[in-house]
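What follows is a set of notes on a single structure, which appears directly below.
The values are calculated or read from the model by the stated rules, or taken from the named source; none is laboratory data. Please read these numbers as outputs of a predicted model, since none were measured by experiment. We place every Cβ from the backbone using ideal geometry, glycine too, and count neighbours over all the protein chains shown.
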Amino acid sequence: MSRKWERMVEKNQKTINAKRKKEGLSPMQAKAKAETKDVFKGINWMLPFFLVLITILNIVMFLQQNTLTRGNLITFIVYILLAVLLLFMNRPTLTIGKSSITSRRFASFQTASAGEIEEIQLVKGAVVIRLKAKKKRWVYTRITHWFPIEAVSVRLRQFAELNHIPVTGEGSK
């Protein structure tokens with residue numbers, strides 16, 4: 001349903017409910033149709049990779065100096081557990097709805113409505129969403145975020161057609 005049609009339905013529903021209330025009947029409730037949102041999840045591997053790399057380098061340095069103690073081993077294990085936790089718990093997410101896109105990066109969710117999006121660029125191996133505010137960009141790549149770029153680009157193309165947003169790049173056929 002278009003948004004104009006939805007507003008008309010809500011307006012008519014209010015008048016009918018007012019009449020039903022005067023007659024002593026219970027108000028009618030519209031069937032709540034949940035908005036279908038497509039959720040795409042990636043894996044941010046860069047920070048966990050550097051944590052494991054630093055841990056390995058520290059282990060090698062302590063082994064060369066023969067000063068590896070139980071406290072150091074516990075510290076190294078905790079660093080590796082932190083890397084695993086960050087790898088699986090801190091996943092970047094892109095949620096595409098009917099008229100908005102929600103992005104989750106490191107700590108927070110950011111939502112952009114269709115009116116706030118300037119353009120969508122579909123490049124081989126990456127998707128760039130340019131916002132009008134402060135010329136911000138949301139960039140999702142196959143290498144750094146491990147996103148399913150093909151599926152995301154198909155869904156973003158549908159979103160752009162629905163909301164009249166220009167699509168540029170290689171995949172803008």
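Things worth noting here:
- 1 or more residues under 30 Å from N163 (Cβ atoms): qualifying helices (runs of 4 or more DSSP H) within the stretch 35-147: 142-145
- Of all residues in the stretch 57-98, those satisfying the criterion of being among the polar types (S, T, N, Q) and surrounded by 11 or more Cβ atoms within 10 Å (Cβ to Cβ) are N58, N72, T75, N90, T93, T95.
- Among the candidates I117, I129, residue that is over 15 Å from F40 (Cα atoms) and either modelled with pLDDT of 90 or more or touching a helix residue (DSSP H, G or I) at 6+ places or on another chain (Cβ under 8 Å) (or both): I117
- Boolean, F49 is under 30 Å from L156 (Cβ atoms) and at pLDDT 90 or above: yes
Rundown of residues vs (1) under 18 Å from the mean Cα position of the chain (by Cα); (2) farther than 29 Å from F50 by Cβ, yes/no style:
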{"site": "E119", "(1), (2)": "yes, yes"}
{"site": "L131", "(1), (2)": "yes, no"}
{"site": "Y140", "(1), (2)": "yes, no"}
{"site": "H145", "(1), (2)": "yes, no"}
{"site": "V152", "(1), (2)": "yes, no"}
{"site": "L162", "(1), (2)": "no, yes"}
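- Filtered by the rule that a residue be among the aliphatic types (A, V, I, L, M), farther than 24 Å from T93 by Cα and modelled with pLDDT under 85, the stretch 7-46 gives M8, V9, L25, M28, A30, A32.
- Inter-residue pairs, beta-carbon under 7 Å, first in contact (Cβ under 8 Å) with a residue 60 or more places away in the chain and in the stretch 145-167, second buried (at least 18 other Cβ atoms within 10 Å of the Cβ) and assigned to a loop (DSSP other than H, G, I, E, B), 6+ apart: H145/G42; H145/P92; W146/G42; F147/G42
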